Amino acid sequence: MSGILEKTELTFQQLGASSEAEVDRLFAEIEEFLESEQIGDRETFRVLWASDKKGVLTKIRNNWLRAAPPSTRRWIGPRLEKLTHSVAFKLKTYVERQVEGEGSGERVDLSLPGVIRSVGSHHLIRQVFQEIEGIFFSIGFSVVEGPEIETPYYNFEALNIPEFHPVRDDMDTFYLDLPKDAKTPLLLRTHTSPMQIRTMEKQKPPVRVIVPGKVYRRDNPDATHSFAFHQIEGLAVDTDITFCDFTGTIEYFVKQFFGPSVKTRFRPSYFPFTEPSVEFDVSCPFCGGTGTSAGGGTCSKCKGAAWIELFGAGMVDPAVYGFVNYDAKKVSGFAFGIGIDRLAMLKYGIDDIQVFFQNDVRFLRQFP
Ligand code: FA5
């Protein structure tokens, strides 16, 4: 290694330089070395002088400039800038000489057409996530995310689903052989609801979060089922949340997402972690809630029912508060869980859920 390059490994203090004249001499030495250097291979030259991690310029910046006291720094700054320009100039003139055909390196023909790199776009599921997140942001919700590998406690028990509860049959999932030979092994979460518990454990009311994420179930794949799919959970808990807040929030979301003319309705349903529980329907946005298509036939989307089932929701069951040390007498709240894949299918007229996972660019390009 050249003597001057070795000096860039040391600080001014270690080099014993303390006057402007000495700074000047060191920079003159390095400029001279740069001037004399023949560029054989451009990349080797670039790495030696200008690489971010170990280039001479970086070493000077770290060892000379940053390590120097402020009084010395003002001598170094302008000289380092000049050296940086000299390095850039040398690289530029090298490239120009190559274009003109000089030197031994590879020729660059700037008249050739450039390489066109196609710009990708977000997957439709990501776009729907973002749209929904935007709607909930606008009414004060924030986003939290959680683990896809869960304990049975968070996925079931803390949500008021004890070990032999029949509801577990609807949410059979994939268990991991972890921890090794455990009596209650870890599992892939079947819904985003465990994040209700994790959020309330961490935070006192008021809580207003949505949880986008991937979930898993041991369901056989068909046009509306996948073993991996997506949900957005919603949870709002405070001291004075009523059923009206719940319906108002859901209605606001649905109208923002499908348009102001859709109507909404609730049907009684059952989830162990909400009481009362509801299934939320929307008037079919494709036939305007008539059940009849524009041609006079039966609407193919709602099959003539005029309503489309959207998602499950309800007021948080007081039993759940017991698992997170909330006082069920003081707080109330609502929760919902939206299946994003089916929502996207509905909004964009997609009739097979599997296309989301096949990565066929002919499908993906339709949603730039
Ligand atoms: C739940 O998962 C509850 N955690 C929702 C909830 C949250 C209720 C909070 C109350 C309060 P459910 O099992 O119905 O509920 O699933 C929710 C949505 O996931 C369904 O409406 C459906 O859109 C979607 N879904 C369920 N299974 C599949 C599957 N195999 N493939 C694609 N989407 C599915």
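The values are calculated or read from the model by the stated rules, or taken from the named source; none is laboratory data. Since the structure is predicted, the reported quantities are computational estimates derived from the model, not experimental observations. All Cβ positions, even for glycine, are placed from backbone atoms using ideal geometry, and neighbour counts span all protein chains on display. The area values use the complete protein model at the heavy-atom level, side chains included, leaving out ligands, DNA and RNA. Shrake-Rupley method; radii C 1.70, N 1.55, O 1.52, S 1.80 Å.
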What does the highest-first list of 333-339, 91-97 look like by mean Cβ count within 10 Å?
333-339, 91-97
Give, in nm to one decimal, the length gained when the segment between Phe164 and Arg25 is fully stretched (0.36 nm per residue of separation minus the Cα-Cα distance).
41.8 nm
In the Gaussian network model of the chain, springs joining C-alpha atoms below 10 Å, which of His191, His85, His225 carries the largest mean-square fluctuation?
His85
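Where both residues lie in the chain, what percent of DSSP beta bridges are antiparallel, nearest 5?
Here the share of antiparallel DSSP bridges comes out near 95 percent.
Quick check on packing: order 304-316, 264-276 by the mean number of other C-beta atoms within 10 Å, highest mean leading.
Per-residue mean Cβ counts within 10 Å order the peptides as 304-316, 264-276.
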Of Lys59, Lys303, Lys204, ordered by accessible area with the largest first and a 1.4 Å probe, the sequence is Lys303, Lys204, Lys59
The chain, Gaussian network, Cα under 10 Å: of Val254, Val282, Val115, the residue fluctuating most is Val115
Once ligands and nucleic acids are excluded and a 1.4 Å probe is used, how much of Glu9 is accessible, expressed in Å² to the nearest 10?
80
Rounded, prolate or oblate, given the Cα gyration tensor of region 3-99, with a/c below 1.5 counting as rounded?
prolate
Roughly speaking, what is the stretch gain from Tyr348 to Lys82, that is 0.36 nm per residue apart minus the C-alpha to C-alpha distance, in nm to one decimal?
90.0 nm
Carbon and sulfur: what percent of region 176-221's accessible surface (1.4 Å probe)?
51
Rounded to the nearest 10 Å², the 1.4 Å probe accessible area of Thr247 is 30
With the dipole of the chain worked out from charges on the C-beta (+1 for Lys and Arg, -1 for Asp and Glu) around the Cα centre, which of Ser51, Pro185, Phe253 lies farthest toward the positive end?
Phe253
With a/c under 1.5 counting as rounded, go ahead and sort region 243-310 into rounded, prolate or oblate using the C-alpha gyration tensor (a ≥ b ≥ c being the square roots of the eigenvalues; past the cut-off, prolate if a/b is larger than b/c, else oblate).
oblate
What length, rounded to one decimal in nm, is gained on full extension from Glu131 through to Phe363, with 0.36 nm per residue of separation minus their alpha-carbon distance?
81.6 nm
Taking the Cβ-Cβ separation of Gln38 and Gln14 as r and a Förster radius of 25 Å, what is the calculated FRET efficiency to the nearest 0.05?
0.25
Taking 8 Å as the Cα distance limit and 6 or more residues as the minimum spacing, I'd like the relative contact order of the chain as a percentage.
13
Calculate log10 I(q)/I(0) of the chain for q = 0.08, 0.14, 0.15 Å⁻¹, where I(q) comes from the Debye formula with a single equal point scatterer on each Cα and nothing for solvent.
-0.67, -1.08, -1.23
Find the centroid of the Cα atoms in region 279-297 and in region 1-40, then give the distance between the two in whole Å.
78
For the chain, set up a GNM with springs between Cα atoms under 10 Å and report which of Val215, Val331, Val87 has the largest fluctuation.
Val87
Protein chains only, probe 1.4 Å: how do Lys90, Lys183, Lys347 rank by accessible area, largest first?
Lys183, Lys347, Lys90
Cut-off 18 Å (backbone N to label point 7 Å along Cα→Cβ of Ser121), residues of region 332-366
344-351, 355-366
Roughly how many Å² is the accessible area per residue of region 1-143, as a whole number, for a 1.4 Å probe?
64
So how exposed is Asp41, as accessible area in Å² (1.4 Å probe, rounded to 10)?
90
Compute the FRET efficiency between Ser138 and Asp238 as 1/(1 + (r/R0)^6), taking r as their Cβ-Cβ distance and R0 = 25 Å, and round to the nearest 0.05.
0.85
Phe227 to Tyr252: FRET efficiency via 1/(1 + (r/R0)^6), r the Cβ-Cβ distance, R0 45 Å, to the nearest 0.05?
0.90
Where in region 189-206 does the label zone of Asp327 land, with the point 7 angstrom along Cα→C-beta and an amide N cut-off under 16 Å?
204-206
Where nothing but the Cβ of Lys and Arg (+1) and of Asp and Glu (-1) is charged, how large is the charge dipole of the chain around its Cα centre, in debye to the nearest 20?
560
